Amino acid sequence: MLRAYVVVFGVALFLFLAGPFAVLYALVRRSPDILYAAGRAGCRLGLYLGGVRVVIRGLENIEAGQTFLFLANHQSYCDPPALFVSIPRNVRLILKKELRKLPLLGLIMEMGGFVFIDRSDRVQSIGGMKQAVRQLQQGHSFLTYPEGTRTRTGQLGPFKKGPFIMAIESGVPIVPISVKGSYEIMPPGQFRVKTGMVVLTFHAPIATHDLAAADREALTQRARERIAAGLAEGGHAAGNGGVPAERIS
């Protein structure tokens, strides 16, 4: 539990020291790039303080300059920082509206183009999804979790249809990502951070530009199979464990 408090305090201190400068600089330059750089720095700090290492595989599948919709399974609160520092470009997220109220962080995420939705309001949620589709078409990559929420059992849950409708409507290729190891680092229902390793596997992109709404189920199944295959692979352990790594953070 002590390590969890250290992570929260350290990241909060970084946010309130670096955040105002980053916001001011972004306003002057009229670009959110500094916000993303600061966000990655804060995520790296949190991972370091938590004793979490990240092994990254499959980066050769990520073409430079290409817009992607990254879809990852969701094991714990450790996933976002691990993914944010590992995806080799700025990525926006779709978040529940309550997070917009977070002091300073909510403003930073809004300035960064993140989309906030009210999960209890279907009309507003659809509007948020359409906003994300427009941003994808403008060349902004997104990261989302097709399960919709964190797993409570460690097992891969059912996928919701929203991300796949977004992919088809935008014509942007999907990159499935298998996230393995973070469930043990931050078990659900516990305010604890255990030292350990998260293995991220970036799978080959799935093209969507020629798909229609009728193809959604097949697209969902294809992405789910790739993520499940990555989770089933061996080679996750403390230490490198023989995992063929692109990079270790």
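Values of log10 I(q)/I(0) for the stretch 83-144 across q = 0.22 Å⁻¹ run -0.93, by the Debye formula with one identical scatterer at each alpha carbon and no solvent. The count of lysine pairs in the chain whose Cα atoms are under 30 Å apart, excluding pairs fewer than 8 places apart on the same chain, comes to 20.
Over all other residues within a Cβ to Cβ distance under 15 Å of GLU98, the charged ones net out to +2, with Lys and Arg as +1 and Asp and Glu as -1. Computed with the Debye formula from one identical point scatterer per Cα of the stretch 1-74, without solvent, the log10 of I(q)/I(0) at q = 0.23 Å⁻¹ comes to -1.06.
The 3J(HN,Hα) values that the Karplus relation (6.51, -1.76, 1.60; θ = phi - 60°) gives for the stretch 2-10 are, in residue order, 4, 4, 4, 5, 4, 4, 4, 5, x Hz. Gly and Pro appear as x.
Under a 10 Å cutoff between Cα atoms, tell me which one of ARG152, ARG224, ARG122 has the largest fluctuation in the Gaussian network model of the chain. Greatest mean-square fluctuation among the candidates belongs to ARG122. Spatially, the stretch 69-105 and the stretch 208-233 are offset by 21 Å when compared through their Cα centroids. Dimensions of the chain along the principal axes, based on C-alpha atoms and rounded to the nearest Å, stand at 50, 47, 36, largest first.
Full extension of the chain segment joining SER120 with ARG40 gains 25.8 nm, where the gain is 0.36 nm per residue of separation less the Cα-Cα distance.
Counting Lys +1, Arg +1, Asp -1, Glu -1, what net charge surrounds GLN135 among other residues with beta carbon under 14 Å of its beta carbon?
Numbers: positive: ARG89, ARG92, LYS130, ARG134; negative: GLU110, GLU169.
After counting each charged neighbour, the total is +2.
Would you mind finding the longest exposed-site-free stretch of the chain, with exposed GluC sites (Glu not before Pro) meaning DSSP loop and at most 15 other Cβ atoms within 10 Å? Numbers along the way, then the final one.
Working: sites that count: GLU63, GLU233.
Longest stretch, sites excluded: 64-232.
Taken together, the values in this text are just the output of simple stated rules run on the coordinates, not laboratory data. This structure is a prediction, so every number in the text was calculated from the model and none was measured. For neighbour counting, all protein chains shown are included, and Cβ atoms are generated from backbone atoms with ideal geometry for every residue, glycine included.
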